[in-house]
């Protein structure tokens, strides 16, 4: 299997192409039109797009499917169900993309819509994706969002918006996020490499250090009895990055809701 990672100019968002024997799975194609054109070109060099996979439904990870119109799109079943039932969460993901593009004058020639068909998957020891000649293990990784989908293939973990060296955790459900981190701590020693949704590729040891630091951070938030104590929990990293304090405040609120 060959692995290509193309990194967007927005938030170091990674698009990963897994290719084997001419079949490619494109994970989280993002984000600007010229970057999506480059992804299509790379897929053409490797063969053909056999599948598109979203690690979760957030807008910065899902807008590229229209550039690969012939490929089936796989997501966690929670996202497929949300789209099928017109869940406001799914509508907000698209609205957030439209708002960002409007604010920064980004052309989106295919508009804002989910694929006509989403193939929902759940956790499995092995998942067969149409036309892809490698076996993938799928993982349900909730906490950042309820529809988090991790992929393990040949010692490589694609983990979506966890374990980024560029940012602190972005927490929606604090206890689910903690459970995901604890699981990753157990899983990582048996792997070779990790590709986070944002930031550089990591060795398993580097990713494990991030997972442990994030677990300590979550434990601190969950142990806090009030907002003041939660806000005092130190960041695991990225303290000087613009916007992280606001995310920390949101994490504090999420943790206190879980208490």
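The values are calculated or read from the model by the stated rules, or taken from the named source; none is laboratory data. Treat the numbers as computed from the prediction; the structure is a model and nothing was measured. FYI the Cβ positions are ideal-geometry reconstructions off the backbone, even for glycines, and counts take in every protein chain you see.
Worth pointing out:
- Every condition in (1) part of a strand (DSSP E or B); (2) loosely packed, with under 14 Cβ neighbours inside 10 Å is met by residue 70 except one, and the failing one is (1).
- The strands (runs of 3 or more DSSP E) located wholly in region 96-151 that include 2 or more residues which are modelled with pLDDT under 90 and loosely packed, with under 15 Cβ neighbours inside 10 Å occupy 124-127.
- Filter result for the condition that a residue is surrounded by fewer than 16 Cβ atoms within 10 Å (Cβ to Cβ), within 27 Å of residue 252 (Cβ to Cβ) and modelled with pLDDT of 95 or more, over 179, 174: 179
- Condition met for residue 163 (modelled with pLDDT of 95 or more, farther than 27 Å from residue 70 by Cα and part of a loop (DSSP other than H, G, I, E, B)): yes
To keep it simple, each residue is scored yes or no on (1) within 20 Å of the chain's Cα centre (by Cα); (2) part of a loop (DSSP other than H, G, I, E, B); (3) under 23 Å from residue 58 (Cα atoms); (4) at pLDDT 95 or above.
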| residue | (1), (2), (3), (4) |
| --- | --- |
| 200 | yes, yes, yes, yes |
| 212 | yes, no, no, yes |
| 218 | yes, no, yes, yes |
| 229 | no, no, no, yes |
| 233 | no, yes, no, yes |
| 248 | yes, no, yes, yes |
| 254 | yes, no, yes, yes |
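- Qualifying positions in region 81-95 - part of a loop (DSSP other than H, G, I, E, B) and surrounded by fewer than 15 Cβ atoms within 10 Å (Cβ to Cβ): 85, 86
- When each of 221, 202, 191 is tested for being farther than 29 Å from residue 154 by Cα and either touching a residue at least 60 places away in the same chain (Cβ under 8 Å) or surrounded by 15 or more Cβ atoms within 10 Å (Cβ to Cβ) (or both), the lone residue that passes is 221.
- Residues that are within 24 Å of residue 119 (Cα to Cα) and either without any contact (Cβ under 8 Å) to a residue 40 or more places away in the chain or in a loop (DSSP other than H, G, I, E, B) (or both) within region 7-23 comprise 17, 19, 21, 22, listed in sequence order.
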